[in-house]
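The values are calculated or read from the model by the stated rules, or taken from the named source; none is laboratory data. Being a predicted model, the structure only gives us computed values, none of them experimental. Neighbour counts are summed over all protein chains in view; Cβ atoms, including those assigned to glycine, are modelled from backbone coordinates with ideal geometry.
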Amino acid sequence: MWWLKMKTKKIQYVFLSLFLLCACSFGNVWADDAAGTVMANAQQAYEQEKFQETVDLLEPVLKQTPVPSGVSRLHLLALARLGETPKALDAYEKLVQVTQREDEGLLRQMALASILPRLTDMREQIRGAAYTALKEIDSDEVVSYLENGLVDKSGMLRALAAEILSKRTAGQQSTKFRNALKDEAGLVRVSVLIGLGRSNEAGLTSLVKDSLNDEQALVQIAAARALYELGHKQYWSRIEQGAQSQEGYERGGAIRAFGELQDKRALPILEKTARDKQPSIRAAALIALGKLTFPESLPTIKAAVFDRIPAVRSVAALSLGYFKQHEVLSTLNPALVDTNPGVKAAAVASLLRVGAPYTMVESAVHQLLQDTNPSIRSGAAKALGNGKGPQVIGTLTIILNDPLPRPRIAAVRSLGRIQDRTLLPILKRTLRDSDAAVRVTAAAAIIRLLDAKIGT
């Protein structure tokens, strides 16, 4: 009988094993179903912009091993939308450790998500930094967020959003953008009109014409400029009239229009205006002459580099950056040792823009970065954005350690414009900066760099 007892025990063991196996399988299926339900609920919460709820729902699932990749992705994006950029970056780095590779698509999503909550920040300067960050992203996907800026309570930020939209085809076609032609702030109306002119849509003529009778002369000039660009060349005379006005805003608007329209008839007017008694008018004329890049205007711009007013000298030095290196080198070199730091920074920017080696501006850059005024250090960082190469990048990386945010913001923006693939780790680290404005600028720089490679 002993063999019967042994056989019975074996049968019992087999049944017990099968029961445990089924129980484990049922448990795994139940766990998978539960995780799937949580994920579905979290996704719904995310789409409803309930980002804290999304995070709370996903926290228990994150304790599983291994964590489903979809959960990790949604969790870090929700953190970014909450403005918790450093935590989102931590979550991203953990995912990279698991997969052993960068997920550039996800990194781009996270970077954009980290900018968006700052668009509704209570602080105007932070909202401004966020909209300026969107300005750096050349993608139609940000148009809807810029449209939201058209209803910001700050007139300056509405004007900024309108200015950005005016330079994008999708923005020019936006109904909300066109409706902003009724905005109470004149600068917003000006930007909308400029965008409508750039659109080349002949059907907009009647809409633009109404603004020729706007209560603000600056808006009237913008309307005339738009009509000129839409093919109605007779409105050139209205711009000429504005250039002779005694009202500063109207005159400045007309002069700026001359710089954009590339019409050689503007040249004698601007040449004369560049010698106006008002420094601000001289500066506006020099900017316009620089944008026109007509060789005939070079002597006038070069002479202005020695103007008695530093702001005028600075603008003249910047305008020389639109010409060829051999045409401007002899004039920009003396500007590097100008007593005014603004002029010096402008010379650095132009020399780098025309392709001069970094060694030529290195001494001037060093002096600017030693200045106690953060705006001057910021100007130096901005100027470096016109250059490229390891020395420029190295200097900008050093500026990222500046004790004040403003120079760091300028440095990050310049790094983004250089678009060197080796900068990705540096820009990712800058997402942990203590200042929100620096972080959103870094996020935009990352997107700009990735888009340059991906081609979006």
Checklist outcome for this item: Subset of the range 172-211, residues closer than 23 Å to Asp121 by Cα and of a type outside the set (D, E, K, R), comes to Phe177, Ala180, Ala185, Leu187, Val188
Next on the checklist: Regarding the range 364-373, can at least one residue be identified that is assigned to a helix (DSSP H, G or I), free of Cβ contacts under 8 Å to residues at least 24 places away in the same chain and within 27 Å of the chain's Cα centre (by Cα)?
Outcome noted: yes
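Condition check ((1) closer than 29 Å to Gly416 by Cβ; (2) assigned by TED's automatic domain parsing to the domain that holds Ala442; (3) under 19 Å from the mean Cα position of the chain (by Cα)) across all residues:
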site: Arg168; (1), (2), (3): yes, no, yes
site: Leu196; (1), (2), (3): no, no, no
site: Ser199; (1), (2), (3): yes, no, no
site: Leu212; (1), (2), (3): no, no, no
site: Val219; (1), (2), (3): no, no, no
Item to check | Test: Leu160 is in a helix (DSSP H, G or I) and farther than 16 Å from Pro117 by Cα | outcome: yes
Checklist entry - Where in the range 191-247 are there helices (runs of 4 or more DSSP H), lying fully within it, with 1 or more residues that are within 24 Å of Glu147 (Cα to Cα) and modelled with pLDDT of 95 or more? => result 205-209, 217-229
Item to check | Enumeration of residues in the range 170-194 that are of a type in the set (Ser, Thr, Tyr), in contact with a helix residue (DSSP H, G or I) (Cβ under 8 Å, 6 or more places away or on another chain) and surrounded by fewer than 22 Cβ atoms within 10 Å (Cβ to Cβ) | outcome: Ser174
Item to check | In the range 248-265, the residues that are within 27 Å of the chain's Cα centre (by Cα) and either closer than 13 Å to Leu286 by Cα or of a type in the set (Lys, Arg) (or both) | outcome: Gly252, Ile255, Arg256, Ala257, Phe258, Gly259, Glu260
Checklist outcome for this item: For the range 261-283, pairs from a residue that is among the basic types (Lys, Arg) to a residue that is surrounded by 13 or more Cβ atoms within 10 Å (Cβ to Cβ), with Cβ under 6 Å and 6 or more apart or across chains, are Arg282/Ala274; Arg282/Asp276; Arg282/Val312
Next on the checklist: For the structure I just gave you, tell me whether Ile409 is among the aliphatic types (A, V, I, L, M), crowded, with 19+ Cβ neighbours inside 10 Å, farther than 19 Å from Ala80 by Cα and in contact (Cβ under 8 Å) with a residue 60 or more places away in the chain.
Outcome noted: yes
Checklist entry - Can you tell me how many residues in the range 342-399 are at pLDDT 95 or above, basic (Lys, Arg) and within 17 Å of Ile418 (Cβ to Cβ)? => result 2
Next on the checklist: For a quick check of your reading of the model, give me the residue pairs whose first member lies in the range 173-186 and is part of a loop (DSSP other than H, G, I, E, B), whose second is among the β-branched types (Val, Ile, Thr), with beta-carbon atoms closer than 7 Å and at least 6 apart or on different chains.
Outcome noted: Ser174/Val143
Checklist entry - List pairs: first in the range 115-141 and without any contact (Cβ under 8 Å) to a residue 60 or more places away in the chain and farther than 18 Å from Leu449 by Cα, second among the charged types (D, E, K, R) and assigned to a helix (DSSP H, G or I), Cβ under 7 Å, 6+ apart or cross-chain? => result Leu116/Arg81; Pro117/Arg81; Leu119/Arg127; Arg127/Arg118
Item to check | Filter pass, Val98 being among the β-branched types (Val, Ile, Thr) and either at pLDDT 90 or above or crowded, with 16+ Cβ neighbours inside 10 Å (or both) | outcome: no
Next on the checklist: Residues to consider are Thr293, Thr300; find the one that is out of contact with any Gly (no Cβ under 7 Å at 6 or more places or on another chain), of a type in the set (S, T, N, Q) and on the phi > 0 side of the Ramachandran plot.
Outcome noted: Thr293
Next on the checklist: List the helices (runs of 4 or more DSSP H) inside the range 399-456, counting only whole elements, that have at least 3 residues being within 13 Å of the chain's Cα centre (by Cα) and among the small types (Gly, Ala, Ser).
Outcome noted: 405-418, 436-454
Next on the checklist: Looking at the range 335-352, can you tell me whether even one residue there is surrounded by fewer than 21 Cβ atoms within 10 Å (Cβ to Cβ) and either farther than 20 Å from Ser378 by Cα or in contact with a strand residue (DSSP E or B) (Cβ under 6 Å, 6 or more places away or on another chain) (or both)?
Outcome noted: no
Checklist entry - Has the range 334-348 got at least one residue that is farther than 22 Å from Ile137 by Cα and touching a Gly at 6+ places or on another chain (Cβ under 6 Å)? => result yes
Next on the checklist: Please pick out the residue among Ala91, Ala78, Ala111 that is farther than 20 Å from Arg448 by Cβ, crowded, with 19+ Cβ neighbours inside 10 Å and touching a residue at least 24 places away in the same chain (Cβ under 8 Å).
Outcome noted: Ala78
Next on the checklist: Condition (residue is acidic (Asp, Glu), touching a residue at least 12 places away in the same chain (Cβ under 8 Å) and surrounded by fewer than 15 Cβ atoms within 10 Å (Cβ to Cβ)) applied to the range 298-307: is it met by at least one residue?
Outcome noted: no
